[in-house]
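Peer 1: Before I ask anything, let me first share the structure, which is written out below as C-alpha cells.
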Amino acid sequence: MATLKLSPADLQLDVAPGTPLQDVLFPQGVEFPCGGRGHCKGCRVKVLKGQLPVGEDEKILLTPGERESGWRLACRHSMPGELELELAQWEAAILSDQTAFAFTPRAGLGIAMDLGSTTIAAQLLDLTTGNVLAVQTMLNAQARHGGDIMSRVEFALHGGQMELQRLVREQLGEMASRLLKANLKFKQQNSKLNRVVIVGNTVMHHLFCGVNIAPMAAHPFQPQQPGRCKFSPGELGWDLPDGVVVEFLPCLGGFVGSDILAGIVACGLHASHELMALMDLGTNGEVVVGNREKILCTSTAAGPAFEGARISQGMRAATGAISEVTVEAGLISGRVLGGGEARGLCGSGLVDAVAAGLELNWIQPNGHMANRGEMPLAGPVCLRPRDVRELQLAKGAIAAGLKILAKQFGITIHDLKKVHLAGAFGNYISRASAKKIGLLRMPLANVVPAGNTALLGAKFALFEDAEKWDAIAQRVQHISLNDDESFQDIYAEEMGFPAAV
Ligand code: FES
C-alpha cells in the first residue's frame, strides 16, 4: 500500500499502487465530467509530491505552463507510489429543501428522493407530522461514467446500461438505509416506513427503472415507457422492510421528467387561476407555462453553460469558483466561493460576468467582445469569447422556449403573473444580471427563486395517492420547439443581448 495525500481536503488514503486514480478520487467527491475519457480537463489535479508522467492527452488539453506547474488529468493516471495531490474541485453544495407546506397526515414514515444527474437529495419524513427527520445528499455515483446526461446515454448505449442501473439502484438503496439508521440513532423512533417516492429526469427514470434508453438517443427522442414505475424493496435489492412501496413518478416527455412534474405541483402551477411559468436551468433548460386549465412544457437544448460546463474555465459552484462579478467605478471584481484564489467560473458568475461586460461595453449586444480577446475577472480566471457564445446559446434557447409557450396561450411573457426559477441555479443567479443579459425580460417583481422544487414536490407526493399524480401528468402537454415554425427566428433573436443596459 502507498499513501495518497489530498489537499486541501486534508485526507490521507492507503491505496494499492496501480489503482486507477479515478477509482480512488471519485468516492472522495471528485467528478469526472467526460466519464474519464480524457476529453474535458475537468478532473485536473496538481502533483505536490511524487511523479505522474505527462501523457499524450495532457499534451493536448493542458498548457505547457499548467504541465510545468504539476497539473495532470486524474483520469489518465494510476497510483504510482507515494503521492500528494491538490484537487482542483472539492466541496459540493447540494440543495435540499426546508419549505413548510400544508398536508393531510398519513401513518408512518416516507422518503422523498430527487435523483438528479449530478446530485441526489433525499429526506425522511414523519407522515403524521410532516417533520423532516433525516437528510442525505450525495453526488450521483453514475457520474464516473460521464458528467452530463448525453455522455451517460452514450455509455449506456455502448453496453453500460446495466452498470448505470446497478450504480443508481445501489446508491439510492444505501441512502434510504442510512436515512432510517440516522433516524433510529438520533430520534429513537420506530415508526414504519411505508413509501419511497423518487423523481428525476427522463434519463434517470429509464436508468433506474430498467427501461431501454436507446429511443432517447435519436430523433424524436421519445421515452419508451414514460409512466410511473413501482417496485418492492426486494426487486431493487434494497435492505428495507417488506411492504414498503418504492415509486418513480411519471415523465412528461422526451427530456422532461418527473422532477418537472414535481416542480409543477410544488409551485402550485397546476391549481393556479393565473398563468404562471416554471423554469429549470440545468443541463437541459426545461420550461413550463400553464394554470389549472392547461399546462404546456418543453425542453430546450440549452447545454450545460449554466452549470459551468463547456466554459473555458468553468466549474461547479464549489470552493474556488467565482460566483459573483460586480462593477464599481468601472472596475470588475469577483467574489470567490470560500475565499482564496479564484480557480474557475460557475454558472451564476458567468451570468454576472457577461452582464458586467455589457455594462462596460466590452461585450457588444451581438456577443462580440470588443478590443481584447478576453476579460480578466479575478486571479487567473478570464471570460473568453467562446464562453459568451455558450451563454448566448443557452439563454437564447430558454428565452425562446418561454416565448413560444407563452405564444401558444396567446399572451406575452410580460403577462405571466409569476415565473418560478427552480433548482440551485435559480436560487443563486442574480436576477438583475439575468435581466441585463436578456434571460429574464419580464418584470423582476414577478420572478421568484423556488429552490429544490423537485424534492419539495416529491414530498407532496408522499401524502397523496399516486394515481392523482398520473392524472396531473396526463394534463401536461409536451411541445417540441422544432415543430414551431417561428422557433429558429425567435431563437436567433433571443441569442442577442438587450442593447440598453
Ligand atoms: S479529462 Fe474528462 S474526466 Fe478526465
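Peer 1: Once a ≥ b ≥ c are taken as the square roots of the eigenvalues of the Cα gyration tensor of segment 2-87, is the result rounded (a/c under 1.5), prolate (a/b larger than b/c) or oblate (a/b not larger than b/c)? Provide the component values of the computation, followed by the final result.
Peer 2: On the way: a/c = 1.59, a/b = 1.33, b/c = 1.20.
Prolate is the answer for segment 2-87, as a/c is 1.5 or above and a/b outweighs b/c.
Peer 1: Can you compute the charge dipole magnitude of segment 21-62 about its Cα centre, using +1 on each Lys and Arg Cβ and -1 on each Asp and Glu Cβ, nothing else charged? Give it in debye, rounded to the nearest 20. Please report the intermediate quantities before stating the final value.
Peer 2: On the way: 6 positive and 5 negative charges, 36 e Å.
Roughly 180 debye, rounded to the nearest 20.
Peer 1: Still on this structure, I have one more. Magnitude of the Cβ-charge dipole of the chain, K/R +1 and D/E -1, about the Cα centre, nearest 20 debye?
Peer 2: Details: 45 positive and 50 negative charges, 83 e Å.
So the magnitude is around 400 debye.
Peer 1: For n ≥ 4 DSSP H runs only, could you compute -39500 (n - 2.57) per run for the chain, divide by its residues and tell me the 222 nm figure to the nearest 500?
Peer 2: Working: 15 runs with 150 residues, N = 501.
The helix contribution divided over the chain gives -9000 deg cm²/dmol.
Peer 1: Just want the answer: with Cβ charges of +1 for Lys and Arg and -1 for Asp and Glu, which residue in Gly401, Ala214, Leu462 is farthest toward the dipole's positive end in the chain?
Peer 2: Of the options given, the answer is Leu462.
Peer 1: What's the center-to-center distance, using Cα atoms, between segment 378-445 and segment 313-374 in Å?
Peer 2: That distance is 16 Å.
Peer 1: If you keep only loop residues by DSSP, which GluC sites (Glu not before Pro) in segment 200-282 have at most 16 other Cβ atoms within 10 Å of their Cβ?
Peer 2: On the way: sites: Glu235, Glu247, Glu274; in loops: Glu274.
Within segment 200-282, the qualifying GluC sites (Glu not before Pro) (loop, at most 16 other Cβ atoms within 10 Å) are Glu274.
Peer 1: Among bridges DSSP assigns within the chain, what percent are antiparallel (round to 5)? It would help to have the intermediate numbers written out before the result.
Peer 2: Values: 53 of 83 bridges.
The answer is about 65 percent antiparallel.
Peer 1: About the Cα centre of segment 2-87, how large is the charge dipole given +1 on each Lys and Arg Cβ and -1 on each Asp and Glu Cβ? Please answer in debye to the nearest 20.
Peer 2: Working: 10 positive and 12 negative charges, 44 e Å.
Here the size comes out at about 200 debye.
Peer 1: Then there is this: What lysines could a cross-link reach from Lys49, if we take a straight Cα to Cα line under 18 Å and drop same-chain neighbours fewer than 8 places away?
Peer 2: Straight-distance partners of Lys49: Lys5.
Peer 1: Give, in whole angstrom and from largest to smallest, the semi-axes √(5λ) of the equivalent ellipsoid of segment 144-303, with λ running over the eigenvalues of the Cα gyration tensor. Display every interim value, and only then the final one.
Peer 2: Numbers: eigenvalues 159, 106, 35 Å².
They are 28, 23, 13 Å, listed from largest to smallest.
Peer 1: Find the centroid of the Cα atoms in segment 106-137 and in segment 190-219, then give the distance between the two in whole Å.
Peer 2: With segment 106-137 and segment 190-219 each reduced to a Cα centre, they are spaced 16 Å.
Peer 1: In addition: I'd like to know which of Leu21, Ile260, Leu85 lies farthest towards the positive end of the charge dipole of the chain, counting +1 on Cβ of Lys and Arg and -1 on Cβ of Asp and Glu.
Peer 2: Ile260
Peer 1: Also: What are the ³J(HN,Hα) couplings of segment 291-302, residue after residue, when phi is run through the Karplus curve with 6.51, -1.76, 1.60 and θ = phi - 60°? Round to Hz, x for glycine and proline.
Peer 2: For segment 291-302, the Karplus-derived couplings read 7, 5, 8, 8, 10, 10, 9, 8, 10, 10, 6, 6 Hz, x marking Gly and Pro.
Peer 1: Now a separate question. Which lysines does Lys407 reach when only Cα atoms under 24 Å apart count, and residues fewer than 8 places away in its own chain are ignored?
Peer 2: Lys294, Lys395, Lys417, Lys418, Lys435, Lys436
Peer 1: Let me ask something else about it. Could you go through segment 400-411 in sequence order and give the Karplus-derived ³J(HN,Hα) for each residue, using 6.51 cos²θ - 1.76 cosθ + 1.60 with θ = phi - 60°, rounded to whole Hz, and x for Gly and Pro?
Peer 2: Values, residue by residue: 5, x, 5, 4, 5, 5, 4, 4, 5, 8, x, 10 Hz.
Peer 1: A further question follows. Which lysines does Lys181 reach when only Cα atoms under 19 Å apart count, and residues fewer than 8 places away in its own chain are ignored?
Peer 2: Straight-line reach from Lys181, under 19 Å: Lys192.
Peer 1: Within a 10 angstrom radius of the beta carbon, how do Arg431, Arg386 rank from fewest other beta carbons to most? Before the final figure, lay out each step's value.
Peer 2: Details: Arg431 18, Arg386 11.
Neighbour counts put them in this order, fewest first: Arg386, Arg431.
Peer 1: Need one number: % antiparallel among DSSP beta bridges in segment 2-87, to the nearest 5. List each step's numbers first, then the result.
Peer 2: On the way: 13 of 17 bridges.
Of the beta bridges lying entirely in segment 2-87, close to 75 percent run antiparallel.
Peer 1: Something else: In a shell of Cβ-Cβ distance under 10 Å around Met495, excluding Met495 itself, what net charge do Lys and Arg (+1) and Asp and Glu (-1) give? Kindly include the intermediate steps, with their values, before the conclusion.
Peer 2: On the way: positive: Arg389, Lys395; negative: Glu493, Glu494.
With Lys, Arg at +1 and Asp, Glu at -1, the net is 0.
Peer 1: Skipping prolines and chain starts, which residues have an amide H placed within reach, meaning under 5 Å, of the one on Ile363, given they are 5 or more residues away or on another chain?
Peer 2: For Ile363, whose amide H was placed from the backbone, the distant partners under 5 Å are Leu358, Ala370.
Peer 1: A follow-up question, please. Over the chain, consider all pairs of different Cα atoms and compute the Kirkwood hydrodynamic radius from their mean reciprocal separation; express it in Å, one decimal.
Peer 2: Details: mean 1/r = 0.0423 Å⁻¹.
It works out to 23.6 Å.
Peer 1: Would you work out which of Gly237, Met276, Phe248 lies farthest towards the positive end of the dipole of segment 236-316, given +1 charges on the beta-carbon of Lys and Arg and -1 on that of Asp and Glu, about the Cα centre?
Peer 2: Value computed over the given set: Met276.
Peer 1: Taking θ as phi - 60°, what are the ³J(HN,Hα) couplings along segment 138-148 by the Karplus curve (6.51, -1.76, 1.60), each to the nearest whole Hz, with x for Gly and Pro?
Peer 2: 8, 7, 5, 5, 5, 4, 5, 9, x, x, 10
Peer 1: Now for a different question. Looking at segment 124-196, which trypsin sites (Lys or Arg not before Pro) are in a loop (DSSP not H, G, I, E or B) and have at most 13 other Cβ atoms within 10 Å? Write out the running numbers ahead of the final one.
Peer 2: Values: sites: Arg144, Arg152, Arg166, Arg169, Arg178, Lys181, Lys185, Lys187, Lys192, Arg195; in loops: Lys192.
Answer in residue order: Lys192.
Values in this text are rule-based calculations from the coordinates and carry no lab data. All values derive from a computational prediction rather than experimental measurement. Here Cβ is always computed from backbone atoms with ideal geometry, including for glycine, and neighbour counts include all displayed protein chains.
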